[in-house]
1. Assuming Val48 fulfils every condition listed in (1) touching a residue at least 60 places away in the same chain (Cβ under 8 Å); (2) touching a Lys or Arg at 6+ places or on another chain (Cβ under 8 Å); (3) buried (at least 16 other Cβ atoms within 10 Å of the Cβ) apart from one, which condition is it?
2. Being more than 16 Å from Val63 (Cβ to Cβ), of a type in the set (Val, Ile, Thr) and within 17 Å of the chain's Cα centre (by Cα) is the requirement here; does Val5 meet it?
3. Identify, please: which residue in segment 63-108 is of a type in the set (Ser, Thr, Tyr), open to solvent by 20 Å² or more (accessible area, probe 1.4 Å) and modelled with pLDDT of 95 or more and is, among those, farthest from Tyr37 (Cα to Cα)?
4. Please report, ordered by residue number, the strands (runs of 3 or more DSSP E) entirely within the chain with at least 1 residues that are among the charged types (D, E, K, R).
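The values are calculated or read from the model by the stated rules, or taken from the named source; none is laboratory data. Here the structure is a predicted model, which means the values were calculated and not measured. Glycine gets a Cβ as well: all are built from the backbone with ideal geometry, and neighbour counts include every protein chain shown. Quick note on the areas: whole protein, heavy atoms, side chains included, nothing else; ligands and nucleic acids left out. Shrake-Rupley method; radii C 1.70, N 1.55, O 1.52, S 1.80 Å.
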Amino acid sequence: QVQLVESGGGLVQPGGSLRLSCAASRLTFSIYAMGWYRQAPGKQRELVATITSGGSTNYADSVKGRFTISRNNDKNTVYLQMNSLKPEDTAVYYCNARWVQSTYWGQGTQVTVSS
């Protein structure tokens, strides 16, 4: 079955940076729109950023100018570069793959921004 495996989370101080990766397998990666979502304790899961198969990107207002989503179709991997991190960015970050009516989720990776 399809697998999405996130990595790169951890503890970082405010103002710091992290790069998340999501490695996909058992799907035709290049045709899927890929996205990053996050869920903080007690809150609903929310969109962070998406990238289409053609490379068009979309960001939540709260991360515009700080986060960058990218993809490498040769490596079946999508990335999220997170700069100028804030405590409110603390959440579990999930990778998502979507094509037509098919959607898949990874297990998530914890990002904690704290001094």
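1. (1)
2. For Val5, the condition - more than 16 Å from Val63 (Cβ to Cβ), of a type in the set (Val, Ile, Thr) and within 17 Å of the chain's Cα centre (by Cα) - is met.
3. Result: Ser84.
4. Details: elements: 3-7, 10-12, 18-25, 33-39, 46-51, 57-59, 67-72, 77-82, 91-99, 102-105, 109-113.
Strands (runs of 3 or more DSSP E) meeting the threshold: 3-7, 18-25, 33-39, 46-51, 67-72, 91-99.
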